[in-house]
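> If you scroll down you'll find the structure; I have some questions about it.
The values are calculated or read from the model by the stated rules, or taken from the named source; none is laboratory data. Only a predicted model underlies this, so the values are computations on that prediction, with no experimental measurement involved. Methodologically, a virtual Cβ is constructed for each residue, glycine included, from the backbone with ideal geometry; neighbour enumeration extends over all protein chains shown.
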Amino acid sequence: MSQKNRINNLLNYLNKRILIMDGAMGTMIQKKNLSESDFRNSRFKNWSIDLKGNGDVLNITNSKVISDVHSAFLDSGADIILTNTFNSNKISQSDYGLEDHSTEMNYSAALLARKVADKFSDKNPEKIRFVAGAIGPTNKTASISPKVDDPAYRNVSFDELKDVYKEAAISLIDGGVDFLILETIFDTLNAKAGIFAIGEINQKRTYKIPLMISGTITDFSGRNLSGQTVEAFWNSVKHAEPLSIGLNCSFGAERLTPALEELSRVADTNILAYPNAGLPNPMGEYDETPELTASYLAQWAKNGIINIVGGCCGTTPEHINRISKEVSRFSPRAVPKIEKTLKLSGLEPFGILS
């Protein structure tokens with residue numbers, strides 16, 4: 001099936017039911033208790049920097065680990081799996097000296113996910129599975145200085161970010177993803193660089209690759225790290241005409257609810273949400289049960305504010321299975337028709353009524 005036909009199926013599904021995204025890749029990798037040699041394999045046997053913890057390198061050194069995780073989430077009811085590429089960019093991989101391998105990581109991850117998704121689609125053609133090419137925020141921010149004594153300093157530029165995002169996106173598309181997702185956005189300027197990069201790619205394509213956008217709230221006032229409210233963030237990125245806008249990670253579903261309700265009110269596109277399984281405990285583990293997480297997401301579904309749901313940090317196939325069963329009882333959010341007026345944004349939204 002062609003990418004275009006799969007997207008047509010996705011749009012058809014979105015009109016009929018709430019779609020299910022997968023859960024946390026990192027949690028599943030951690031559960032496997034992999035050793036340093038598992039991350040290195042023969043490919044990087046003599047690498048000078050420790051690679052344990054670099055989950056993205058497994059795309060090329062231990063691909064079965066990643067394929068098994070994808071299969072577990074699809075078995076649990078997921079419609080959409082994200083490629084294992086949250087850190088597959090030159091900026092993030094420079095911590096491991098693997099920046100020159102980031103393109104291969106993206107391409108390999110996309111091939112892996114595509115193969116697994118197609119296998120499940122072939123087994124049940126009535127439930128086509130989809131692959132989202134995940135592009136993380138990098139570990140640098142274009143809006144905020146990392147030096148307390150030098151507010152004007154930046155350790156990355158817009159153009160550097162744009163080039164990094166573009167390289168990752170091209171590799172993911174070449175590997176066969178159905179659409180791209182800019183996820184866990186903590187800095188809106190970083191997101192704008194990604195949007196610009198994907199726009200450049202789409203200018204040269206006969207069929208535009210769809211885009212999903214997902215931000216993350218970093219404090220209880222409902223703002224991202226660069227200070228924007230949810231509505232201001234939407235005003236900043238709505239020109240990209242994303243297939244969905246959403247929120248992920250953050251504090252867990254219960255505390256994410258007010259921000260998600262606000263986003264659902266102002267956005268005239270599909271709403272995506274994949275929260276953590278609560279907040280981590282002192283050991284960095286997530287204790288929120290599948291039943292509790294699913295109960296929060298079911299309330300979102302009952303209130304008609306979501307179209308796509310899944311899980312972020314700490315969520316397992318058990319979480320996704322429970323979420324899938326709970327939200328299936330409800331219809332997807334009806335995308336509102338919102339009058340087109342001038343909408344601007346700084347840290348706060350600013351609109352001019354007609």
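> Please note which helices (runs of 4 or more DSSP H) are completely contained in region 33-84 and include at least 3 residues that are out of contact with any strand residue (DSSP E or B) (no Cβ under 6 Å at 6 or more places or on another chain), at pLDDT 95 or above and not hydrophobic (A, V, I, L, M, F, W, C).
Per the criteria, 36-40, 63-75.
> Among the residues of region 73-91 satisfying the criterion of being within 19 Å of GLY53 (Cα to Cα) and over 16 Å from the mean Cα position of the chain (by Cα), which is surrounded by the most Cβ atoms within 10 Å (Cβ to Cβ)?
ILE91
> Where residues in region 267-320 are aromatic (Phe, Trp, Tyr) and assigned to a helix (DSSP H, G or I), which of them is surrounded by the fewest Cβ atoms within 10 Å (Cβ to Cβ)? Explain how you work it out, then say what you get.
Our first condition is that a residue be aromatic (Phe, Trp, Tyr); within region 267-320, this holds for 274, 286, 296, 300.
Checking which are assigned to a helix (DSSP H, G or I) leaves us with 296, 300.
On the way: TYR296: 21, TRP300: 24.
Among residues in region 267-320 that are aromatic (Phe, Trp, Tyr) and assigned to a helix (DSSP H, G or I), the one surrounded by the fewest Cβ atoms within 10 Å (Cβ to Cβ) is TYR296.
> Tell me, yes or no, whether region 12-26 has at least one residue that is surrounded by 16 or more Cβ atoms within 10 Å (Cβ to Cβ), farther than 27 Å from ASN307 by Cα and of a type outside the set (D, E, K, R).
No, there is no match, as no residue in region 12-26 is surrounded by 16 or more Cβ atoms within 10 Å (Cβ to Cβ), farther than 27 Å from ASN307 by Cα and of a type outside the set (D, E, K, R).
> Sticking with this structure for a sec: For VAL164, only one of the following conditions fails: (1) in contact with a Leu (Cβ under 6 Å, 6 or more places away or on another chain); (2) under 14 Å from PHE86 (Cα atoms); (3) not basic (Lys, Arg). What is its number?
Here VAL164 meets the rest and fails (1).
> Sticking with this one: Checking ALA294 against (1) within 20 Å of THR218 (Cβ to Cβ); (2) touching a helix residue (DSSP H, G or I) at 6+ places or on another chain (Cβ under 7 Å); (3) free of Cβ contacts under 8 Å to residues at least 40 places away in the same chain; (4) of a type in the set (A, V, I, L, M): exactly one of these is not met. Which one?
(1)
For (1) in contact with a Leu (Cβ under 6 Å, 6 or more places away or on another chain); (2) within 30 Å of LYS31 (Cα to Cα), each residue gets a yes or a no:
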| site | (1), (2) |
| --- | --- |
| LYS238 | no, no |
| SER244 | yes, no |
| ARG265 | no, no |
| ALA277 | no, yes |
| ILE323 | yes, yes |
| PHE350 | yes, no |
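> When region 44-66 is examined, which residues are found to be farther than 25 Å from ILE80 by Cβ and surrounded by 15 or more Cβ atoms within 10 Å (Cβ to Cβ)?
Result: PHE44, TRP47, LEU51, THR61.
> SER171 versus (1) touching an Asp or Glu at 6+ places or on another chain (Cβ under 9 Å); (2) of a type in the set (Ser, Thr, Tyr); (3) over 30 Å from LEU279 (Cα atoms); (4) not in a helix (DSSP H, G or I): which is the lone unmet condition?
(4)
> For region 180-201, does any single residue satisfy the condition of being surrounded by fewer than 16 Cβ atoms within 10 Å (Cβ to Cβ) and not acidic (Asp, Glu)? Quick ask: steps written out before the conclusion?
The first filter runs over region 180-201 and keeps only residues surrounded by fewer than 16 Cβ atoms within 10 Å (Cβ to Cβ), leaving 199-200.
Cutting the leftovers down to not acidic (Asp, Glu) gives us 199.
Yes, region 180-201 contains at least one residue that is surrounded by fewer than 16 Cβ atoms within 10 Å (Cβ to Cβ) and not acidic (Asp, Glu).
> Something else about it: Go through region 143-171 and count every residue that is surrounded by fewer than 21 Cβ atoms within 10 Å (Cβ to Cβ), of a type in the set (A, V, I, L, M, F, W, C) and closer than 23 Å to ASN248 by Cβ.
2
> If you don't mind, another one. Residue check: is GLU183 at pLDDT 95 or above, in a helix (DSSP H, G or I), out of contact with any His (no Cβ under 9 Å at 6 or more places or on another chain) and within 30 Å of MET1 (Cα to Cα)?
So GLU183 fails the test.
> Given the residues ASP50, ASP38, ASP56, which is the only one that is within 23 Å of the chain's Cα centre (by Cα) and among the acidic types (Asp, Glu)?
Exactly one residue qualifies, and that residue is ASP56.
> Report, by residue number, each residue of region 220-255 that is β-branched (Val, Ile, Thr), outside any helix (DSSP H, G or I) and under 13 Å from PRO349 (Cβ atoms).
Within region 220-255, THR229 is the sole residue that qualifies.
> One residue is enough: does region 321-335 have a residue meeting the conditions free of Cβ contacts under 8 Å to residues at least 60 places away in the same chain, surrounded by 16 or more Cβ atoms within 10 Å (Cβ to Cβ), among the charged types (D, E, K, R) and closer than 24 Å to GLU254 by Cα?
Yes, region 321-335 contains at least one residue that is free of Cβ contacts under 8 Å to residues at least 60 places away in the same chain, surrounded by 16 or more Cβ atoms within 10 Å (Cβ to Cβ), among the charged types (D, E, K, R) and closer than 24 Å to GLU254 by Cα.
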